[in-house]
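Here is the structure we will look at, set down as C-alpha cells.
Bear in mind that the values in this text are calculations on the coordinates, not laboratory data. Owing to the predicted nature of the structure, the values given are computational and were not obtained by experimental measurement. Note that each Cβ is placed from the backbone with ideal geometry, even for glycine, and that neighbours are counted across all protein chains shown.
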Amino acid sequence: MGILDLVVIAIGLSMDAFAVSICKGLCAGKATAKQALTAALWFGGFQALMPLIGYLLGYSFKDIIASVDHWIAFVLLVWIGVSMIRSARSCENTTPDFSAKAMFPLAVATSIDALATGVMFSFMEVNIVTVVLLIGVITAVCSFIGVKAGSYLGEKFKSRAETAGGIVLILMGTKILLEHLGII
C-alpha cells in the first residue's frame with residue numbers, strides 16, 4: 001500500500017471527526033483557536049491511538065487468517081464506510097462544550113472506525129508508526145479547520161463530509177479486494 005493510499009484512507013477516516021468539529025464550531029459561535037486546538041488534539045490523538053490498538057490486536061491473529069486478509073479488509077472498509085454514510089443521514093447536533101468530559105466520548109465515537117482499520121492494517125505490509133502518525137496529523141488538521149470553518153459555514157455540509165469519508169473508505173476496500181483478486 002502506497003503513501004497516497006494511506007493519505008486517502010487517513011482523509012476518509014478523518015471525515016467523521018471533521019464533521020463533528022464543524023458542528024462543534026457551529027455551536028460555539030465564534031470559535032477560538034483554543035477550542036479548535038482542543039478538538040484537534042482530542043480527535044487527532046484518538047484517531048492515531050485506535051488504529052495502533054487495532055493493529056496490535058489484529059497482528060495477534062495474523063497467522064490464523066492470512067489467507068482471507070483481503071476479504072477482511074474489504075468487509076471492514078465497506079462496513080465502516082456504510083456506517084459513516086448512515087451516521088451522516090442521522091445528523092445529531094453537538095454542544096459547544098470543549099471540556100474533557102464532552103470531548104472524550106466524541107473522540108472515542110469518531111475513532112471506532114480507525115480501530116477497525118487498524119485491524120485491517122495488521123494484515124498488510126505497512127509501517128504502522130507512519131500510518132498512525134499520518135492518520136493522527138491529518139485528523140488533527142481537519143478537526144482544527146472543521147471547528148474554525150463551522151463558525152462560518154452552514155450545517156448542511158456536515159452530512160456531506162461524513163458521506164464523502166464513507167464513500168472513500170468503500171472505494172478503498174473495493175480497490176484492495178480487486179488488487180488481491182488480480183482484477184486490477
With a 28 Å threshold on alpha-carbon distance, the violating pairs from K30/K101; K148/K175; K101/K148 are K148/K175
Per the 1/(1 + (r/R0)^6) rule, R0 = 22 Å and r from the Cβ atoms of I64 and E125, FRET efficiency to 0.05 is 0.75
For 13-26, 107-120, ranked highest to lowest by mean beta-carbon neighbours within 10 Å, the order is 13-26, 107-120
For the pair V137 and A102, the simple spin-label estimate (label points 7 Å beyond Cα toward Cβ) gives in nm 3.0 nm
Note, region 137-144: 3J(HN,Hα) by Karplus (6.51, -1.76, 1.60, θ = phi - 60°), whole Hz, Gly/Pro = x, goes 5, 4, 5, 4, 5, 4, 5, 4
